[in-house]
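The values are calculated or read from the model by the stated rules, or taken from the named source; none is laboratory data. Treat the numbers as computed from the prediction; the structure is a model and nothing was measured. Quick reminder, even Gly has a Cβ in these numbers, built from the backbone with ideal geometry, and neighbours come from all protein chains shown.
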Amino acid sequence: MAKKRKFFLLKLVVAIIILAVAAGGFLGFKFYKMIYQPNVILGDKKTEYFYIPTGSNLNDVVNLLYEKNLILNRNSFEWVSERKNLKSNIHPGRYLIRTGMSNDDLINLLRSGKQEPVKISINNIRIKEDLASLVSRLIEADSMKLIKLMENEDYCKKFGFNKENILCMFIPNTYIFDWNTSAEQFFERMSKEYKFFWNEPRKLKAKNAGLSQTQVSILASIVQKETNMADEKPRVAGVYINRINKNMLLQADPTLVFALKQFSLKRILNFHKEIDSPYNTYKYQGLPPGPICLPEISSLESVLNFEKHDYFYFCAKEDFSGYHNFAKNYTQHFINANKYQRELNKRKVFN
């Protein structure tokens, strides 16, 4: 009887152990799946960017992931997040997530703060709103905040500019930024790039031309809007340098287009020249108070390396090649201008 009871107890113990092992195995497998089973399924896409705004907490991150259908199981993600203390390791930024990532993979990525950089190519900018719109589409900085800073005289002064010429600080190029760059951080970075561009050789060339760095940028913006031909830019720059040195009005049509804000205007007529604006170089002597676009590096270089010649006038060639006829005196310029005007009339270009 004692032997039977002893055997029964032994079987009971073994059964309990087996059940415990099975239960432990089941729970272990369940936890394993929660941690390591794929929870990021992106459908037809293999990758997608996930953005964590500045100031986000864990709940914000979870909500964003789930609302954008980036994770299948919210509960398992939250459970793993709690155990890996994601709450204390939220880093704003732009993250590249891949389909098939587990909760462990995704949480490790977000905890690391290893975000994907953003490329910003600054070019073809006319006005502040253009720049603000471009930048705000690519980084976290708000477009209205960018514009407000560019309109803030005291803030512009911090970088050596004013609100009329602040665009001179932005050198067109391609730059790498973190997505969560603020408006202020963007300005600080562009100030550094501006100082890097303006090395000693360039500063010396500006000085020899009798221009400040800002004046070089403003003149380069006019040159850029006068011609798309890179090989002609130094000659056009030379014409304006000659006019500046002779205290002549610049009479640059692109400055009128800017003053009128009629950027599609193809033909400048006499009544256009009556607008009362500091950008009207037919009425006001010298350079306008700010650039009429962001000049490309090639345009900046064309001013710094302007062609020395005796031309004081130029107008578009009548063949519409994009090049210009240059003249040393007004008589020759009048002849050139009439040829171009006749061709405009022939082609019925009136505005």
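Within the range 329-343, track down each residue that is surrounded by 12 or more Cβ atoms within 10 Å (Cβ to Cβ) and either hydroxyl-bearing (S, T, Y) or on the phi > 0 side of the Ramachandran plot (or both).
Y340 - this is the single residue of the range 329-343 that is surrounded by 12 or more Cβ atoms within 10 Å (Cβ to Cβ) and either hydroxyl-bearing (S, T, Y) or on the phi > 0 side of the Ramachandran plot (or both).
Among the candidates Y194, Y175, which residue alone is aromatic (F, W, Y), part of a helix (DSSP H, G or I), at pLDDT 95 or above and surrounded by 15 or more Cβ atoms within 10 Å (Cβ to Cβ)?
It is Y194.
Taking the condition of being in contact (Cβ under 8 Å) with a residue 40 or more places away in the chain and over 14 Å from L109 (Cα atoms), how many residues in the range 59-87 meet it?
Summing the residues that are in contact (Cβ under 8 Å) with a residue 40 or more places away in the chain and over 14 Å from L109 (Cα atoms) in the range 59-87 gives 2.
Mind checking which helices (runs of 4 or more DSSP H) fall wholly inside the range 252-351 and carry at least 1 residues that are closer than 17 Å to K225 by Cβ and of a type in the set (S, T, N, Q)?
253-260, 297-304
Against the definition (within 15 Å of P288 (Cα to Cα) and loosely packed, with under 13 Cβ neighbours inside 10 Å), how does N228 come out, yes or no?
Answer is no for this residue.
Mind listing whichever residues of the range 270-305 are β-branched (V, I, T) and closer than 20 Å to K163 by Cα?
T281, I292
State yes or no: is N69 modelled with pLDDT under 95, farther than 30 Å from A183 by Cβ and not in a helix (DSSP H, G or I)?
For N69, the condition - modelled with pLDDT under 95, farther than 30 Å from A183 by Cβ and not in a helix (DSSP H, G or I) - is met.
Quick one: in the range 298-351, which of the residues that are of a type in the set (A, V, I, L, M) and farther than 24 Å from V216 by Cβ is modelled with the highest pLDDT?
That would be A327.
Among the residues of the range 197-218, is there at least one that is under 28 Å from G93 (Cα atoms) and at pLDDT 95 or above?
Within the range 197-218, not a single residue is under 28 Å from G93 (Cα atoms) and at pLDDT 95 or above.
When the range 55-89 is examined, which residues are found to be within 26 Å of the chain's Cα centre (by Cα) and either surrounded by fewer than 11 Cβ atoms within 10 Å (Cβ to Cβ) or of a type in the set (D, E, K, R) (or both)?
Those that are within 26 Å of the chain's Cα centre (by Cα) and either surrounded by fewer than 11 Cβ atoms within 10 Å (Cβ to Cβ) or of a type in the set (D, E, K, R) (or both): G55, K68.
Provide a single number: the residues in the range 201-218 that are in a helix (DSSP H, G or I) and of a type in the set (A, V, I, L, M, F, W, C).
Total meeting the criteria: 4.
Under 9 Å between Cβ atoms, which residue pairs at least 6 apart in sequence (or on different chains) link something in the range 242-269 that is in contact (Cβ under 8 Å) with a residue 60 or more places away in the chain and assigned by TED's automatic domain parsing to the domain that holds V223 with a partner that is buried (at least 18 other Cβ atoms within 10 Å of the Cβ) and of a type in the set (K, R)?
F258/R126; F258/K225; F263/R126
Which of the residues belonging to the range 129-168 are buried (at least 19 other Cβ atoms within 10 Å of the Cβ) and not in a loop (DSSP other than H, G, I, E, B)?
Answer for the range 129-168, where residues must be buried (at least 19 other Cβ atoms within 10 Å of the Cβ) and not in a loop (DSSP other than H, G, I, E, B): L131, A132, V135, L146, L149, M150, C156, I166, L167, C168.
It is to be established whether one or more residues within the range 266-286 are at pLDDT below 90 and either among the basic types (K, R) or in contact with a Pro (Cβ under 6 Å, 6 or more places away or on another chain) (or both).
Yes.
Residues being under 13 Å from E232 (Cβ atoms), of a type in the set (F, W, Y) and touching a strand residue (DSSP E or B) at 6+ places or on another chain (Cβ under 9 Å): count how many of those fall in the range 296-316.
2
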